[in-house]
C-alpha cells in the first residue's frame with residue numbers, strides 16, 4: 001500500500017477519533033498527515049497558512065513567496081502552530097517538484113491561480129485554490145480539464161459552502177416554506193476607500209522577485225497600487241470586487257435559488273443565458289479600473305419557468321441592505337430568507353421573522369472538508385468543476401458585460417458569447433507573457 005492509498009484508508013478512523021476526542025489533539029501520526037505546500041505568505045494566504053497549520057491532519061512542508069517580508073513571518077507563524085519549521089522557497093515550482101508534497105494551496109492574486117493549479121494537477125497533487133478559480137473564463141476551463149484528466153481533488157476557497165450556517169439555510173429553503181421562488185439577490189454595500197494615483201517607482205522593494213510576481217501579465221513598471229492588496233482593482237491581475245467578495249455572495253445566492261428549485265420541483269440551474277451589467281466607475285477618482293457602482297442581472301431559462309439572479313455593488317456605501325452589508329437572499333411568494341456572514345433570518349408575509357440561525361464564516365471546516373476528500377476521493381464542498389467554476393463564470397461574465405457596456409448572451413455549454421467577438425476576446429488574455437504560458441492539458 002503506497003502513501004496515498006494509506007491516507008485514503010485511514011480517513012474514517014481519523015475522523016472517528018477526532019469526534020471521540022471532542023477537541024483538537026496533537027498532530028496525527030506522520031504517516032497519516034497530508035503534506036502541504038502553500039503558495040503565498042501574506043494576504044489571504046496568511047489565513048490559509050494558519051488554518052492548515054492548525055489542522056491536526058496536516059503538515060505544511062514548504063511555503064513559497066516572492067516577497068521575503070511576507071515569507072519570513074509566515075514561516076515563523078506556521079512553525080509555532082505546527083511545531084515544525086516549513087521550508088522557505090521563492091519559486092513555487094519547487095513545491096510542485098517535491099514529490100513528498102500531497103497538495104498545493106494557492107493563496108495568490110487571481111492572475112496566479114490557474115498556472116500553479118494546472119501544474120500541480122499534472123504532478124499528481126490535489127489543490128486548494130482561492131476564489132475566483134482563474135483570472136478569466138478560459139483559465140477556469142483549463143483548470144477543470146487538468147483536474148479531470150489527472151483525477152485530482154480541487155477545492156475552491158469559497159469557505160461558506162462548508163459552514164453549518166449555509167447548510168442549515170439550504171435545508172430550510174428545501175422545506176418549501178418560502179413558496180414559489182423566482183428571484184435571488186446578492187450584494188456588497190460596505191464602504192471602501194480611494195487608492196489614489198501613486199507614481200511608478202524605479203525599482204520594486206528590496207528582495208522582491210517582481211518578474212515572477214507579474215508572471216503571465218504584461219510587463220509594467222513597479223507601482224504600489226498594482227502590488228499587495230490593491231492588485232485586484234486592475235485588469236492585468238484581478239477581477240474587481242465582483243470577483244473578490246461578489247463571488248461569495250453570488251455563490252450563496254445561486255445555491256439558495258437552486259435549493260428553492262429543488263423544493264418546487266424545478267430543474268436545477270447551471271449557468272445563466274442572459275447577463276447584463278449596468279454601472280461603472282462613478283464614485284472614486286483614482287486608478288481603479290473596475291466599477292465601483294454595479295448592478296448585474298443573470299437570467300436563467302432552464303425548465304419551464306425563468307429565474308432571475310441579481311448582484312448589486314456599491315463599495316462607497318456606509319450602510320447595509322436587508323440588515324447585511326454583504327449578503328444573499330431568495331424571495332418567494334410566501335416569504336424570503338436573508339443570508340449574511342454571521343447567520344441567516346427568514347421572514348413570512350408582512351415581514352414576520354419566522355426563523356433565525358447564527359453562524360460564522362470560519363474557513364476551518366472548508367479546509368477539513370478538503371483534507372477529508374483528499375483521503376476519500378469524494379468531491380469537495382466547493383468542487384472546482386461543479387461549484388467553483390460556475391460561480392466564477394458569473395463574475396467573469398458580469399465583468400465582461402460591464403466592459404463591453406451591454407447585455408451578453410452566454411452559451412452555457414461552451415461558455416462562449418453568441419455572435420459577440422468583442423465579448424469573446426475578453427474570455428482570456430490577449431497574450432500570456434513568456435515563459436508563463438497557460439499549460440496545455
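The values are calculated or read from the model by the stated rules, or taken from the named source; none is laboratory data. Fair warning: this is a prediction, and the values are worked out from it, not measured in the lab. Neighbour counts run over all protein chains shown; Cβ positions are idealised from the backbone, glycine included.
From 131, 149, grab the single residue that is closer than 30 Å to residue 414 by Cα, in contact (Cβ under 8 Å) with a residue 40 or more places away in the chain, assigned to a loop (DSSP other than H, G, I, E, B) and touching a helix residue (DSSP H, G or I) at 6+ places or on another chain (Cβ under 8 Å).
Every option except 131 fails the conditions.
Looking only at residues in the range 341-383 that are assigned to a loop (DSSP other than H, G, I, E, B) and in contact with a strand residue (DSSP E or B) (Cβ under 6 Å, 6 or more places away or on another chain), which one is farthest from residue 178 (Cα to Cα)?
Per the criteria, the residue is 380.
Quick one: is residue 389 in a helix (DSSP H, G or I), more than 14 Å from residue 296 (Cα to Cα) and modelled with pLDDT of 95 or more? Let's see the steps before the verdict.
Working: in a helix (DSSP H, G or I): yes; more than 14 Å from residue 296 (Cα to Cα): yes; modelled with pLDDT of 95 or more: yes.
Answer is yes for this residue.
Kindly indicate the residue of the range 307-340 that is in contact with a helix residue (DSSP H, G or I) (Cβ under 8 Å, 6 or more places away or on another chain) and not in a strand (DSSP E or B) and also surrounded by the most Cβ atoms within 10 Å (Cβ to Cβ) among those meeting that condition.
315
Among the residues of the range 262-283, is there at least one that is closer than 21 Å to residue 414 by Cβ, free of Cβ contacts under 8 Å to residues at least 60 places away in the same chain and touching a helix residue (DSSP H, G or I) at 6+ places or on another chain (Cβ under 6 Å)?
Within the range 262-283 (the criterion being closer than 21 Å to residue 414 by Cβ, free of Cβ contacts under 8 Å to residues at least 60 places away in the same chain and touching a helix residue (DSSP H, G or I) at 6+ places or on another chain (Cβ under 6 Å)), the answer is yes, since at least one residue qualifies.
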